[in-house]
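Since every read-out is calculated from the coordinates, none of them should be taken as a lab result. All of these numbers come straight from a predicted model, not from anything done at the bench. Every residue, glycine among them, receives a Cβ derived from its backbone with ideal geometry; neighbour counts consider all protein chains shown.
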Amino acid sequence: MNYLRLRPGKKTSPMREQAIEQLLQNITVLIVDGNAFMRRLTRTMLVNLGARAVIEASDGLAALEVIRTCDPDVMFIDWDMPVLNGIEVMRIVRSPGVFPRPNIPVVMLTHRAHRGYVVEALRTGVHEYLVKPTSPKALRDRLVSILAKPRKMMKVGDCYVPEPRAPRMREAHVAAG
């Protein structure tokens, strides 16, 4: 996958916009949500942003199977789902040596807005956190953030998480681990 170097939220030139559109057209996105309406809404927003390959899973177990068989580039996952919830899925996915795709970029898309939930999700290895309801712009910004500036995964204590963006955040991760 080709990555762009740009800053999410910054004004971009028409040429850069075209590059972003091209990038979005070439990725496979997995949406995992127990609510069929939310899956359809998220799919519609992603397709309108230019994504051509969007796969859906209605529960955590199905998500693990899709990751193994379809090899998506990015996953949007809800916290509350049947069978395995989003946090349980993340703990399985972020198991290097056990799960085949421990480095898949993940956006937690959930109704849980409390800071404690955000912290827990980040500790399980999500790259970005979005609260429902969300907008196409917020989805696009998170995708661009993940694809334009991919972060290496790192082991912090028992956690396998994306490398923090800023040096002070890196110190907080080390202290938390």
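Report, to one decimal in Å, the Kirkwood hydrodynamic radius for the range 94-169 based on all distinct Cα pairs.
13.2 Å
Check the chain and count each lysine pair with an alpha-carbon distance under 26 angstrom, considering only pairs eight or more places apart or from different chains.
So the count works out to 11.
Ranked by Cβ crowding within 10 angstrom, fewest neighbours first, how are PHE37, PHE76 ordered? Let's see the in-between values first.
Details: PHE37 8, PHE76 29.
Ascending number of Cβ neighbours within 10 Å: PHE37, PHE76.
Which percent, nearest 5, of DSSP beta bridges in the chain are antiparallel? Don't skip to the end; give the middle numbers.
Details: 4 of 20 bridges.
The antiparallel proportion sits near 20 percent.
What 222 nm value per residue comes from the helices of the chain, counting each DSSP H run with n ≥ 4 as -39,500 (n - 2.57) and dividing by all residues, nearest 500 deg cm²/dmol?
Values: 7 runs with 77 residues, N = 177.
Dividing the helical sum by the residues of the chain leaves -13000 deg cm²/dmol.
Would you look at the GNM of the chain, springs on alpha carbons closer than 10 Å, and say which of VAL98, VAL131, VAL32 moves the most?
Looking only at VAL98, VAL131, VAL32, the largest GNM fluctuation is found for VAL98.
Can you tell which of PRO136, PRO14, PRO72 shows the greatest fluctuation in a Gaussian network model of the chain with Cα springs below 10 Å?
Sorting by GNM fluctuation, first place goes to PRO14.
Once you put a point 7 Å from the Cα of GLN18 and another 7 Å from the Cα of LEU41, both along the Cβ direction, what distance in nm separates them?
In this crude spin-label approximation the distance works out to 3.5 nm.
Amide H to amide H, which residues 5 or more places from THR28 or on other chains are under 5 Å from it, using H placed in the peptide plane?
Answer set, sorted by chain and number: ASP73, VAL74.
Sorted from largest down, what three extents in whole angstroms do the Cα atoms of the chain have along their principal axes?
Projected onto the principal axes, the Cα atoms of the chain cover 43, 39, 32 Å.
With +1 on each Lys and Arg Cβ and -1 on each Asp and Glu Cβ, how big is the dipole of the range 33-177 about its Cα centre, in debye rounded to the nearest 20?
Working: 22 positive and 15 negative charges, 109 e Å.
Result for the range 33-177 is approximately 520 debye, rounded to the nearest 20.
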